[in-house]
Amino acid sequence: MNYLHNTFIWRLRMNVEKEKRDGISVVGDTEDAIANEVKKFSEKYTYVITTGGIGPTHDDITFKSVAKAFGEPLTPHPDLVRLISDYYKTDDLSSPEMKMAHVPRSSELRFGYDEAKGRKTLYPNVSTRNVYMFPGIPQLMEKLFSSLCKELFVGGSAFFIKELYLKAPETTITRTLNAIVAEFPHVTIGSYPKLFHSYYSVLITLESQVEDDTNSAYGKLRTALAKDIVDFDKYPLDKSHKKLQNYFKSNNSAILKTAADVIQECLRKYSSEEICIYFDGGIESTCILHMYYALTAKEDFIPRTQVACIKEKKVLQELEAFVKETISRYNSNFQIFEVEPKSLTFTTLQPPIKAVIIGNITSEHQNGFMRLLEENTAYSKVRWITPLVNCKVAEIWNFVQSLTLPYCILYDQGHTTLGSTRVLLEAIANMNEAGKLATETVK
């Protein structure tokens with residue numbers, strides 16, 4: 001799926017003295033639009049960089065569009081076929097996974113070098129002529145771009161960048177900021193207010209071509225604004241498994257650790273294709289989706305998670321937008337069930353789902369729910385996994401906010417409960433009733 005449903009094309013011209021970004025073009029998800037833009041930029045600029053649209057779904061059309069721009073056919077690249085076969089365990093060239101191996105015929109692969117791990121990156125950049133196609137997921141794009149930029153863009157100047165996140169009005173830091181700007185004239189310092197963000201209100205950036213200058217300005221600014229600094233993780237999904245383990249080490253939360261153990265046990269019994277996460281945008285399902293993701297993350301790959309929810313007849317616009325953003329962020333296959341009696345069935349999905357992990361059932365919301373779920377398993381053959389059944393909502397909030405995970409903005413506006421728990425349980429009750437009737441008819 002295209003990240004945020006757009007293909008972004010960055011146009012760059014570089015020379016020995018400086019690096020200059022000429023503009024950004026946001027292109028709709030149509031082959032002709034992308035192909036025309038790519039062809040135009042390719043003829044005009046030295047480098048064309050695209051992000052997004054290189055995944056396995058129907059609207060991932062960057063490879064196909066770039067091929068069209070240059071009048072080339074799509075062909076399976078043998079190295080990509082081997083990579084994808086090893087990871088997804090399929091040799092079927094017509095499978096959705098193998099779609100990612102079909103690239104323009106003249107494409108070249110470039111692996112970056114991961115200095116932290118001392119080895120090449122697991123997945124390469126695909127380029128066709130002077131068009132370089134990167135993944136749309138920010139942490140993957142940044143990691144691959146950083147590991148390749150010196151090789152690809154020879155002659156560009158290096159910049160050393162630091163960032164600070166603050167929970168303070170911009171007006172209260174102006175004097176301090178002005179003093180640092182005056183003291184370090186060779187450091188470019190930017191202040192960017194962020195309205196309605198859950199974790200910070202101002203982003204400060206510092207950059208220069210001299211690393212010591214950047215570090216000195218950063219150190220002074222950090223000391224001067226210490227009381228306003230927020231420990232914000234820009235990419236909470238990056239190295240998520242390690243961060244999850246660190247959270248358990250630094251937080252005395254035996255119940256959440258038990259929740260992770262429940263998910264691990266589910267993963268031992270079922271394959272990831274047989275497990276579905278029920279995600280409705282509530283804080284509980286946000287916690288569970290991230291925990292599952294972190295437990296299944298492998299190296300530099302983003303695991304493909306099966307996710308489903310019930311579509312309510314009336315849904316708040318902000319909640320619907322958050323659900324869509326989260327599904328894209330977590331690289332999920334998403335199934336929406338319409339609200340109809342007896343329509344909630346996971347076994348018809350391909351492959352059939354055998355276990356559904358649901359976060360909505362917590363210690364505050366379990367009365368009568370567990371009986372419904374246990375009864376449903378007998379009729380649906382789907383096992384309902386409830387990792388948070390003994391967890392309090394306050395503990396869930398601590399988990400989400402400690403890892404600075406995105407959550408629905410409606411909580412910051414005063415909502416205390418979001419999601420489709422009531423509708424889900426009504427659907428399960430209807431399923432149970434249908435199951436009883438079917439059993440009685442057989443008798």
Original post:
Ordered by residue, what ³J(HN,Hα) values in Hz, to whole numbers, does the range 54-70 give under the Karplus form 6.51 cos²θ - 1.76 cosθ + 1.60, where θ = phi - 60° and Gly and Pro are x?
Top reply: 10, x, x, 8, 4, 9, 8, 10, 5, 4, 5, 5, 5, 4, 5, 4, 10
Original post:
Taking the C-alpha atoms of the range 130-255, how large are the radius of gyration and the largest Cα-Cα span, Dmax, in Å?
Top reply: 17.6, 53
Original post:
Considering only protein heavy atoms, what per residue accessible area in square angstrom results for the range 253-334 with a 1.4 angstrom probe?
Top reply: 40 Å²
Subject >> Distance (nanometres) between label positions extended 7 Å along Cα→Cβ at residue 130 and residue 336 >> reply: 4.2 nm
Original post:
Tell me, what is the 1.4 Å probe accessible area of residue 397, in Å² to the nearest 10?
Top reply: 50 Å²
Subject >> Relative contact order of the range 180-298, defined on C-alpha pairs under 8 angstrom at six or more residues apart (%) >> reply: 19 percent
Subject >> Protein-only accessible surface order, largest first, of 261, 59 at 1.4 Å >> reply: 261, 59
**OP:** Could you tell me the number of lysine pairs in the range 67-148 with C-alpha atoms less than 22 Å from each other, where the two lysines are 8 or more residues apart or belong to different chains?
**Re:** 5
**OP:** Indicate the gyration tensor shape class of the range 236-289 (rounded, prolate or oblate), computed on the Cα atoms with a ≥ b ≥ c the square roots of the eigenvalues: a/c under 1.5 is rounded; otherwise a/b larger than b/c is prolate and the rest oblate.
**Re:** prolate
Subject >> Accessible area per residue, Å², the range 45-203 with all protein chains present, probe 1.4 Å >> reply: 50 Å²
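Multiply the residue separation of residue 394 and residue 161 by 0.36 nm, subtract the distance between their alpha-carbon atoms, and state the gained length in nm to one decimal.
Taking 0.36 nm per residue and subtracting the Cα distance, the gain is 80.3 nm.
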**OP:** For residue 196 and residue 32, compute 0.36 nm times the residue count separating them, minus their Cα-Cα distance, and round to one decimal in nm.
**Re:** 55.4 nm
Original post:
Of all accessible surface on the range 162-318 at a 1.4 Å probe, what whole percent is carbon and sulfur?
Top reply: 50 percent
Subject >> Length added when fully stretched, residue 249-residue 86, from 0.36 nm per residue minus Cα-Cα >> reply: 55.4 nm
**OP:** Can you send over the solvent-accessible area of residue 109, 1.4 Å probe, protein chains only, in Å² to the nearest 10?
**Re:** 40 Å²
Original post:
How much solvent-accessible surface does residue 107 expose, in Å² to the nearest 10, with a 1.4 Å probe and all protein chains in place?
Top reply: 10 Å²
Original post:
Here are some pairs, 234/314; 314/354; 257/392; 354/392; 194/227; which of them have Cα atoms lying more than 23 Å apart in this structure?
Top reply: 234/314; 314/354; 354/392
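The values are calculated or read from the model by the stated rules, or taken from the named source; none is laboratory data. As the structure is a computational prediction, the values presented were derived from the model and not from experiment. So basically every Cβ, Gly included, is an ideal-geometry build from the backbone, and we count neighbours across all protein chains shown. Surface accessibility is based on the protein's heavy atoms, side chains included, excluding ligands, DNA and RNA. Shrake-Rupley method; radii C 1.70, N 1.55, O 1.52, S 1.80 Å.
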